[in-house]
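Colleague: Pasting a structure below so you can have a look.
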Amino acid sequence: MEEDDKSLLISGRGFSVQWEKKVNGSMTSLIYKNKEMLAHSDDFPVQPVTQVFRAPTDNDKSFGNWLAKDWKLHGMDHPQINLESFHHEKRADGAVIVRIQTSNLYKEGKVVTTSVYTVFSDGTIDLKTTFLPQGVLPELPRLGLAFCLAPAYNTFTWYGRGPQDNYPDRKTSAATGLWKGTVAEQYIHYPRPQDSGNKEEVQFLTLTDKQNKGIRVDAVEDVFSASALHYTAQDLYKETHDCNLKPRPEIILSMDAAVLGLGNSSCGPGVLKKYAIEKKEHTLHIRISK
């Protein structure tokens with residue numbers, strides 16, 4: 001473990017992970033087997049970033065545009081991210097524990113994210129994150145984390161529901177199994193860009209390069225929702241026509257503790273209450289390894 005005023009570096013045989021400590025508590029590097037897993041972009045400055053927003057679907061924008069309007073009114077697509085605390089300690093068994101708390105600030109509410117990283121000597125990272133909504137917030141689109149990964153890791157394999165995208169209220173037709181495809185294949189090119197590619201009940205996933213090397217994420221305690229795309233939520237939100245949508249080379253890996261259902265608002269009711277996200281604490285517990 002190496003530390004200075006600005007950063008914390010933890011390294012061992014075949015891996016290293018680094019955070020900056022002062023601005024937003026961002027993970028600035030994750031190296032496995034001498035290869036950098038993370039990509040860096042000016043419009044993706046925090047890793048992992050707490051994601052509460054999704055690009056509105058056609059259903060989110062129908063029947064008076066109520067959901068999409070609420071999200072815009074509350075500034076869900078551009079929160080202010082504050083670093084509340086950054087602490088670390090070394091356990092007796094040699095593992096290092098890093099605790100980071102941040103807040104996503106919206107117009108009248110916020111989501112407080114508390115992440116506890118346990119870094120083991122083989123490079124495995126146990127990451128337990130809680131999300132606590134506070135104040136006045138609209139219907140929540142999602143609660144989770146997103147990483148921006150290097151372009152080489154563009155083969156997506158997951159054990160969960162698939163192969164097509166699926167959501168909490170749209171998953172019966174998606175069988176649980178081991179699925180594989182390119183990241184580019186995960187996005188559905190609707191005429192109007194919108195959220196796509198979500199996979200429910202994921203037990204583990206990998207993103208690998210042509211040599212089958214890369215990163216693996218396992219569910220701990222409970223399954224999670226995930227997607228791997230060449231677009232951020234903001235990329236999809238700002239474009240109105242699919243023909244103008246430009247994929248980025250990096251991979252945006254999203255992993256969610258909770259995802260809002262799709263509902264039927266294009267021609268019927270909105271999201272049923274049992275497929276909405278309760279405004280209470282939610283937990284995403286994953287294990288990252290090489």
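The values are calculated or read from the model by the stated rules, or taken from the named source; none is laboratory data. Not measured: the values here are computed from a predicted model. Positions of Cβ are backbone-derived with ideal geometry, glycine not excepted, and every protein chain shown enters the neighbour counts. Side chains are part of the model used for accessible areas, which takes the heavy atoms of the whole protein and leaves out ligands, DNA and RNA. Shrake-Rupley method; radii C 1.70, N 1.55, O 1.52, S 1.80 Å.
Colleague: Which condition number does D195 fail, the rest of (1) in a strand (DSSP E or B); (2) closer than 17 Å to A276 by Cα; (3) among the charged types (D, E, K, R) being met?
Modeller: (1)
Colleague: Can you name the residue in the stretch 189-243 that is farther than 17 Å from Q164 by Cα and of a type in the set (G, A, S) and, of all such residues, is nearest to the chain's Cα centre (by Cα)?
Modeller: A233
Colleague: Exactly one condition in (1) surrounded by fewer than 20 Cβ atoms within 10 Å (Cβ to Cβ); (2) touching a Ser or Thr at 6+ places or on another chain (Cβ under 7 Å) is false for F131; which is it?
Modeller: (1)
Colleague: Scanning the stretch 137-190 for residues that are of a type in the set (F, W, Y) and open to solvent by 20 Å² or more (accessible area, probe 1.4 Å), which turns out nearest to Y32 (Cα to Cα)? Even if it seems obvious, please write down each step before you answer.
Modeller: Taking the stretch 137-190 first, the residues of a type in the set (F, W, Y) are 147, 153, 156, 158-159, 167, 179, 187, 190.
Then keep just the ones that are open to solvent by 20 Å² or more (accessible area, probe 1.4 Å); that gives 159, 179, 190.
On the way: Y159: 22, W179: 24, Y190: 36 Å.
Looking at residues that are of a type in the set (F, W, Y) and open to solvent by 20 Å² or more (accessible area, probe 1.4 Å), I get Y159.
Colleague: Just to be sure I understand, how many residues within the stretch 251-271 are at pLDDT 95 or above and among the hydroxyl-bearing types (S, T, Y)?
Modeller: So the answer is 1.
Colleague: So which pairs qualify, if the first residue must be in the stretch 104-121 and over 16 Å from F53 (Cβ atoms), the second must be open to solvent by 40 Å² or more (accessible area, probe 1.4 Å) and part of a strand (DSSP E or B), the Cβ gap must be under 7 Å, and the two must be at least 6 apart or on different chains?
Modeller: From the stretch 104-121, the pairs are V112/Q101; V112/L132; V112/Q134; T114/Q101; V116/R99; V116/K128.
Colleague: Six or more apart or on different chains, Cβ atoms under 7 Å: show the pairs whose first residue is in the stretch 186-197 and under 17 Å from V259 (Cα atoms) and whose second is among the hydrophobic types (A, V, I, L, M, F, W, C) and open to solvent by 20 Å² or more (accessible area, probe 1.4 Å).
Modeller: S196/I188
Colleague: Okay, moving on. Take the residues of the stretch 149-180 that are out of contact with any strand residue (DSSP E or B) (no Cβ under 6 Å at 6 or more places or on another chain) and in a strand (DSSP E or B): which is farthest from I288 (Cα to Cα)?
Modeller: Restricting to residues being out of contact with any strand residue (DSSP E or B) (no Cβ under 6 Å at 6 or more places or on another chain) and in a strand (DSSP E or B), the top hit is R170.
Colleague: Sticking with this one: Restricting the stretch 40-93 to residues that are surrounded by 19 or more Cβ atoms within 10 Å (Cβ to Cβ) and polar (S, T, N, Q), which is farthest from the chain's Cα centre (by Cα)?
Modeller: The extreme case among them is S62.
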